[in-house]
Amino acid sequence: MKPTAATLGLITVIVALVIAVLMLPEPTETAVAATGSDAPVDGLALINARIFDGETVHEGATLLIRDGLIQDLLTEGDVPSGYETLDIEGQTLLPGLIDAHVHAFNSARSDALRYGVTTMLDMFRPPFDFDQTRAERDALEATTAADLFSAGYLATAEGGHGTQYGIAVPTLADAREVDAWVEERLAEGSDYIKIVIESGAAWSGELPTLNQSIVDALVVAAHARGVLAVAHVSTQAEARMAVEAGVDGLVHVFVDEPLDAALARQMAEEGIFIVPTTTVLAGSHGQSGRGWIEEEATMAERLSLEQRQTVEQQFPGSSLRAARWPQVPAIVGALHDAGVTLLAGSDAPNPATAHGASLLHELKLLNDAGLTPIEALRSATSIPADRFGLEGRGCLQAGCRADVVWVAGNPLADIDDIRQLRAVWKNGSPVSLETESASVAGTESDSLAMPMDLHGSGQWMPSSDNFMGGQSLAEVEMDDAENEIRVSGQLNPGFAFPYAGAMWNPGATMMAAVNVTDARTLSFTLEADQGTYQLMLFSGENMMAPPIQTEIAVGMGTVIDLGEFSGLDPSRLRAIGFYAVGGDADVAFSIRDARLQ
């Protein structure tokens, strides 16, 4: 799946407790008095709690926190002196959650933390700040960012998956290059090695990929240096190739065909884990988790503008794969029944996902696939901590890091309760669960007057996946007399989700931001003989912010209510794209009477 690319924001420090429903309440005078001593108070006791320690559940228990660590978990006895107390009211405390598959750019780490994700396992990002992220994750100071571990650059073939995002990825062409390649990654600070085995076949495409000898050599080189080797796969054949090479785990489940029971048994016997990333597969199969996330009001309120943009996206052609969706939970459930270890991962910020929130949705989908709630919670706590060697994480016992999540209700009985986050502590310090509302600052100019005829303003240009390294083609012809844009071209293999069409730029230059806050709707008619089509809305302060995507109907007047997209920044509209999506096919469609009003 596809990460976005941008720079990582700096962390800040929270220094006070704030009284609010969604933040940690200040201890009362009675609570302070409960310490029963004049000794200095420098610890926090969370009392009267149902505590899931990462493995088992303790009812009516107390958690003692001091110096960024769990000092003890008490199931009986009084709170020692030196601790302020906070009554958890019989509700649930969980270890900070671990998202075992992300791509952490921009505000990802702070966005995830608001949803109880305190540790993130990144599966591809340039190593520009690894010294900083290592120092931050080793520290025990208050922070507003989840801790980060990363594969750094992924191992892929020239022109293969991972090379299409404008990032100069060091590729591999021969097994003899592997030792030096792995040494370079570890010197840069990579914590494990990620191997891409991706032919594009599962997505009706064709991509160069690594051969068996290179994959074998990568696993041997990683293991010789004491680090894990994990593999990206999309098909069962690719999974078998990775298993034969001896990988430690797969970071996606394969869903192109029914599960081979013998392969599942082999994986279970050899201890190979899978991060199914069910939530991103749901999005790519027309089953977005957005509704489940936003169904809980507080979940929706905590989404940043960037999170809203990604969760409101749709994968190109997702409706074409909707009928295949039942096979995804069926395979995940069969793998679990076979004894294969599953780890929870979201693959955010791909379309239809949001950092943090989608990890909670992943737990819901794992439960739906047959895992019990406690098994699902282990997949995001103790199991990834064990498999990736994350000492002191995913646990609530003496010596563990004080990464704690307070949930109203009981997600150990009903996984839907995981959405009722009441407080989060990172390194023993409280985390604000609120996010600043996205400001509609606008551009330097006033909002452009409405209505705006897209045919008589701005500029149109052909646009296709070749911007992302794909092979699709597009041409645009203007017909001013008919108020029509005609698009022709070809959807070609070479990108996971081929697209080709036309993009309207409202400004004088490509992707220049324009203030259209007075616009309420976008109307147009798209005409074509066949095919599947998608609208993309580009906006925001960052030119590289992911677009909002939604499928559009053919042969009738369409009116898009812009207010439906909370991730849209109308004060900085950058472009509107109309695209044919799907498999290998000729492209021929037209857009008439396009207007903002």
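Below is a table of values for the structure above.
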read-out: Any hit, the range 554-573, residues being buried (at least 18 other Cβ atoms within 10 Å of the Cβ), among the charged types (D, E, K, R), in a loop (DSSP other than H, G, I, E, B) and in contact (Cβ under 8 Å) with a residue 60 or more places away in the chain; value: yes
read-out: Output for the range 335-363, where each listed residue is assigned to a helix (DSSP H, G or I) and open to solvent by less than 40 Å² (accessible area, probe 1.4 Å); value: L335, A357, S358, L359, L360, H361, E362, L363
read-out: Any hit, the range 105-114, residues being surrounded by fewer than 24 Cβ atoms within 10 Å (Cβ to Cβ), more than 20 Å from the chain's Cα centre (by Cα), of a type in the set (F, W, Y) and over 22 Å from L64 (Cα atoms); value: no
read-out: The range 51-63, residues that are open to solvent by 10 Å² or more (accessible area, probe 1.4 Å), without any contact (Cβ under 8 Å) to a residue 40 or more places away in the chain and part of a strand (DSSP E or B); value: H58, E59, G60, T62
read-out: Selected residue [under 20 Å from R109 (Cα atoms) and touching an Asp or Glu at 6+ places or on another chain (Cβ under 6 Å)] from R393, R419; value: R419
read-out: Residues being closer than 12 Å to E434 by Cα and either open to solvent by 10 Å² or more (accessible area, probe 1.4 Å) or not in a loop (DSSP other than H, G, I, E, B) (or both) - total across the range 297-314; value: 5
read-out: Candidates A385, A380, A376, filtered to the one that is surrounded by 21 or more Cβ atoms within 10 Å (Cβ to Cβ) and part of a loop (DSSP other than H, G, I, E, B); value: A380
read-out: Long-range neighbours under 8 Å by Cβ, at least six apart or interchain, first residue closer than 21 Å to L562 by Cα within the range 451-463, second surrounded by fewer than 19 Cβ atoms within 10 Å (Cβ to Cβ) and β-branched (V, I, T); value: W460/V476
read-out: Residue match in the range 413-425 (condition: farther than 21 Å from L303 by Cβ, of a type in the set (G, A, S), open to solvent by 60 Å² or more (accessible area, probe 1.4 Å) and at pLDDT 90 or above); value: yes
read-out: Verdict on D593 being over 26 Å from the mean Cα position of the chain (by Cα), at positive phi and among the charged types (D, E, K, R); value: yes
read-out: Hits in the range 143-164 (condition: assigned to a loop (DSSP other than H, G, I, E, B) and open to solvent by less than 20 Å² (accessible area, probe 1.4 Å)); value: T143, A145, A146, A151, G152, L154, T156, A157, G160, H161, G162
read-out: A528 more than 24 Å from P349 (Cβ to Cβ), of a type in the set (G, A, S), touching a strand residue (DSSP E or B) at 6+ places or on another chain (Cβ under 9 Å) and modelled with pLDDT of 85 or more; value: yes
read-out: Single unsatisfied condition, A398 versus (1) open to solvent by 30 Å² or more (accessible area, probe 1.4 Å); (2) more than 30 Å from T119 (Cβ to Cβ); (3) at pLDDT 90 or above; value: (2)
read-out: First in the range 87-110 and free of Cβ contacts under 8 Å to residues at least 60 places away in the same chain and over 12 Å from R422 (Cβ atoms), second anywhere and acidic (D, E) and surrounded by fewer than 24 Cβ atoms within 10 Å (Cβ to Cβ), Cβ under 9 Å, 6 or more apart; value: G90/E59
read-out: Out of A376, A413, A402, sole residue that is farther than 13 Å from F52 by Cα and of a type in the set (A, V, I, L, M); value: A402
read-out: Residue that is in contact with an Asp or Glu (Cβ under 9 Å, 6 or more places away or on another chain), among the polar types (S, T, N, Q) and part of a loop (DSSP other than H, G, I, E, B), where the choices are S319, S288; value: S288
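The values are calculated or read from the model by the stated rules, or taken from the named source; none is laboratory data. Predicted model, so just to flag it, every value in this text is computed and none were measured. Cβ atoms come from the backbone with ideal geometry, glycine included; neighbour counts cover every protein chain shown. Note: accessible area is taken over every heavy atom of the protein model, side chains too, but ligands, DNA and RNA are not part of it. Shrake-Rupley method; radii C 1.70, N 1.55, O 1.52, S 1.80 Å.
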